[in-house]
């Protein structure tokens, strides 16, 4: 039987037809291809977290091929001479082999660790963007809560991963974790004994943390990230206010071709930065830490940076022990407050912030337009307060290194942290509110009087005055008519309006540049220009 | 803290500022101390004149004589005549041994510029020969621990296990203060354990033997000379001379603190700039 | 799909629907029609270059091509070095120390070049676009809400749980135990009683003489050798372990102890304080004193011994303990003193523990006596 001649040009159409016959994909696919996304640099911060998570999955799978989560004691006999003959757990020995005997294994390990740090860092930066712009408001409260939960899950993933190599530093971290469990009133010793399978350290914990680190927590992360992105997709992204932008539309680029391509490129850039850092900067040199021994410790024992705020709070906590004189007497150790209550509060209270703010402002409407930080000074102040608290706590987590390297007394650093934790956040609140109000004020002045030109003129009566360039229409005397405050960028420099070419070109330029000049909501929205359609990529 | 890591070099700036007060101040301080010392020495002399005489007749070797001259010039203010110490200023040096002198003077910690929490390491004021002479003087005065002559490291060809044994001993005895990477660490109230990256083998040996400042003493019964050599071998070969395999920069081996700093200063910064460029209108 | 015209004018209404089967339409016309059906108005879609094949466009194309080639070249560099470069660890400054940096730099350059090639393509070559899409954020109509609500209510009604109270009780009683069955193996398997046995683990260390046949346990080095008083110099300290099998391993993670030889005057002060304390009485031996190395705060080894100030510092959270005063916490978050190990010297001249610790070792917990 002769085969029919294959018409290559018809193949895609036929395949498409076949697929649609079966899956009815054409209509939903069109919607997907046509989705519009607003474009702003700050909307890309969350993507860094997403992409570093993908890198984490890729490198993590590689690491599991060589890592053995066993606490069986073995004598090391590998490539690293300074530990040869040392008794260590199989987990630590396999981590050393992974670093020194698997070709490129050390590079993969370092990529994994840097990606983890980047994942958490970008979560925090993304969270700050969402908070300060009010993107968490109705209808996105749930997505904000999921984001906070993602931070907590990332925190746990990071801590379990930090513990797996069973080196000196991770063992010290595990011991502190056990102490934190012990500090829980009533059930503490039971919790610790149950998780460690008896007395610390036991022989189970690495295996248990391993399954949590490679299956349970990543599974949770994956599920929550999917919901997080799904909600962004379904609810459509928020956008900045601006010409033509309303609460009911999305102004931007369609997903295809441009937006998706940009995302792909950015993924490669994130991946590249992680690879570069993994090659340039040594991270977590476990071979120097030695196997974990309960009697050994190093100065400057710290957790990774995203756990440091908790460690800092633990360091700053005064030695306040609560004794309960019933029966033989019971105690609540001081460790309980910062490590259990503190961590619990800091990762759950923020989840409710959207509801708290909405209730306080009696705001029940949906918001799809962002607010500039200056336009909601109180929220910005609260955010500044929270981040100052976080930063003071995090720095205190490294206060011994700071004390040592900058020749400050360690005890002074602790006291500075204790005082700073109380005094600096309110100060940050006050400062942020003042700055917001000042910026707002300046915007309003420009809207009312026009842009300062720097040109000083002398009037006939000897009076000096500065020429203002009007932003909008002027009255009979040439004075600008005051424009309404729109909560969006106001041109501050004359050259923006065409007197001169922009002084600085580059990526800072578009940040402040309004899309198409007019600021006043009174100006007509951008209208379609038919003649532009001639220049297309289609034939 | 003469760390040879890049970070160490940077921090040396702070050291210099702290360890070298203005010349005028130094001289003023020295003059004041000299005056006080003279007054005190006079008092002590009248009280214990016969005893002092008896000490003076002790037979000293030629090199110890030289050392005594240096001592009488630079150290006597605080450590007193015949190194017997001055109450409230400097301890007696009887019995500290030449190892202590060679460590304290050889690293520039002595003479101190002023009384403070901890003697700072500075560029040494005496050359090696002078340090040896002073050590000899103190040794002949009251005995005490001495740095053995010969190589202070163990050859790995003779004893391949020395490096691992040294690492084991280092982690149990040294890391708690000096850190896994030997980068040093903070102690209470402004005191600190210095970085080991710039320390010579003699200095490490002398420090273990004599326990300078707040460092505990590791006598020869606790860590035998061979064990000390193993520790020095580990510090020398693994912490000082080995290039870190994990990257061009080791971030000072300070652990997660500098790693956390790097992810923001390098990673987040680059990517935020990339995001600014991506979303910018071209 | 029908386009719902909203009162304030949907953007898709800006243009009239077209017949997509019209052969005169360009491909872009069809794309535009598709966008219109998704309530998108393509406001601006213009090439960033003047005319086709302009000089500027060619330059951009060249740059992007260069970036792609650079990416490939760097990837090749990665592969070549991955194969030929020595990678196994060598002591000192070895070529293998540059293996990871080379991999990182070549892969980083390759990925960054690829990333920026794609980004430049999207940013520079693709037409500049402004599209406006309707958000459609109006909730479902009241009618739809009513229908869905009623459907759900109907569901419940059909099951008739309300009408059949017997079922209600039976479901509760039937399913609750089954739910517990799901939880039971997990909780029951994990749970451990920390206080079980005659020698609860929380209150005993390796220095307990009972499991050692009633003989006092020796203080040993990590290699198991005993310690004589002369082994620790004045102003020196040594980490000691119980002299029992595996005494220096993590099996006895609560046993590491710091044996300190104090200077005579410090020892006198320490002895005075120690003798005045009902628990620590007679625990010192000569000028020697032994404290648990496990911090009472979070369990790190509190082992930074300052021999002049007689402080013990914990490197994890900077708690400081005063050795000469029963290791009382004097700074930082620790609220409880370090337990003191009663020591003496046996007939052969080695240090032994006179008894186990008299206070609980390690981090504090609720029911600590």
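FYI, it's all coordinate maths here, none of it is from the lab. Since this is a predicted model, take the numbers as computed values, not measurements. Backbone-built Cβ (ideal geometry, glycine too); neighbour counts: all protein chains shown.
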Inset, instruction - Kindly give Rg over Rh for the stretch A:218-356, based on alpha-carbon atoms, with the Kirkwood expression for the hydrodynamic radius. - result: 1.12
Legend entry - Mean Cβ neighbour count within 10 Å, used as a protection proxy, ranking A:175-186, C:291-302 highest first: C:291-302, A:175-186
Legend entry - Förster radius 35 Å - calculated FRET efficiency between residue A:72 and residue B:156 (Cβ-Cβ, nearest 0.05): 0.75
Inset, instruction - Measure off 7 Å from each Cα along the Cα-to-Cβ vector at residue C:228 and residue B:112, then give the distance between these two points in nanometres to one decimal. - result: 3.6
Legend entry - Shielding by other protein chains, A:112-118, mean Cβ within 10 Å: 4
Inset, instruction - Name the residue, out of C:308, C:50, C:162, whose mean-square fluctuation peaks in a Gaussian network model built on chain C with Cα pairs under 10 Å. - result: C:50
Inset, instruction - Order these peptides, A:400-411, C:332-343, A:324-335, by their mean beta-carbon neighbour count within 10 angstrom, highest first. - result: C:332-343, A:400-411, A:324-335
Legend entry - Whole-number percent relative contact order across the stretch B:192-251, with pairs defined as alpha carbons under 8 Å at least 6 apart: 32
Legend entry - Tail fraction, Cα-Cα pairs, chain C, threshold 37 Å, whole percent: 64
Inset, instruction - Could I have the simple spin-label model distance between residue A:216 and residue A:6, label points 7 Å from Cα toward Cβ, reported in nm to one decimal? - result: 5.1
Legend entry - Near-label residues of the stretch A:382-399 by backbone N, under 17 Å of a point 7 Å along Cα→Cβ of residue A:419: A:392-393, A:396
Inset, instruction - Please find the FRET efficiency linking residue B:273 to residue A:152, where r is the Cβ-Cβ separation and R0 is fixed at 25 Å, and quote it to the nearest 0.05. - result: 0.30
Inset, instruction - Divide, for the stretch A:238-305, the radius of gyration over alpha carbons by 2.2 N^0.38 Å, where N is the residue count. - result: 2.11
Legend entry - Translational diffusion coefficient (Stokes-Einstein; Kirkwood radius from C-alpha pairs) of the stretch B:162-241 at 37 °C, 0.692 mPa s, in µm²/s: 264
Inset, instruction - For each of A:477, A:368, count neighbouring Cβ atoms within 10 Å of the residue's Cβ, then give the residues from fewest to most. - result: A:477, A:368
Legend entry - Percentage relative contact order, chain A, counting C-alpha pairs under 8 Å, at least six apart: 16
Legend entry - Averaged over B:228-238, number of beta-carbon atoms from partner chains that fall within 10 Å: 1
Legend entry - Spin-label proximity, residue A:492 to the stretch A:242-276 - amide N less than 20 Å from point 7 Å beyond Cα toward beta carbon: A:242-243
Inset, instruction - Describe numerically, in nm with one decimal, the distance between label points set 7 Å from Cα along Cα→Cβ at residue C:140 and at residue A:453. - result: 6.0
Inset, instruction - Bin width 10 Å, alpha-carbon pairs only: give the P(r) of the stretch A:1-99 as whole percents, running from 0 to the bin holding the largest distance. - result: 12, 18, 15, 18, 14, 15, 8, 0
Legend entry - Sequence of B:234, A:23 once ranked by neighbouring C-beta atoms within 10 Å, starting from the fewest: A:23, B:234
Legend entry - Förster-model FRET efficiency, 56 Å R0, residue A:29 and residue C:178, C-beta, rounded to 0.05: 0.85
Legend entry - Order by protection proxy (mean Cβ within 10 Å, highest first), peptides C:17-30, A:31-44: A:31-44, C:17-30
Inset, instruction - Would you please state the base-10 log of I(q)/I(0) at q = 0.14 1/Å for the stretch B:61-142, with intensities from the Debye formula using one equal scatterer on every alpha carbon? - result: -0.39
Legend entry - Relative pair counts by distance (%), Cα atoms of chain A, 10 Å bins: 3, 13, 21, 22, 17, 12, 7, 3, 1, 0, 0
Legend entry - Length-normalised contact order of chain C in % [C-alpha pairs under 8 Å, at least 6 apart]: 11
Legend entry - Counting all C-alpha pairs of the stretch A:88-245, share separated by more than 27 Å (%): 41
Inset, instruction - At 0.36 nm per residue, minus the direct Cα-Cα distance, what do residue C:279 and residue C:358 gain on full extension? Give it in nm, one decimal, please. - result: 27.7 nm
Inset, instruction - Provide the three semi-axes, in whole Å and in decreasing order, of the ellipsoid equivalent to the protein assembly as shown as defined by the square roots of 5 times the Cα gyration tensor eigenvalues. - result: 65, 38, 31
Inset, instruction - Take peptide A:302-311, look around each residue's Cβ out to 10 angstrom, count Cβ atoms belonging to other protein chains, and average those counts. - result: 4
Inset, instruction - Kindly express, to the nearest 10 degrees and within the range 0 to 90, the angle between helix A:90-100's C-alpha long axis and the longest C-alpha principal axis of chain A. - result: 50
Legend entry - Geometric extent, Cα atoms of the stretch A:46-165 - Rg, Dmax (angstrom): 18.4, 61
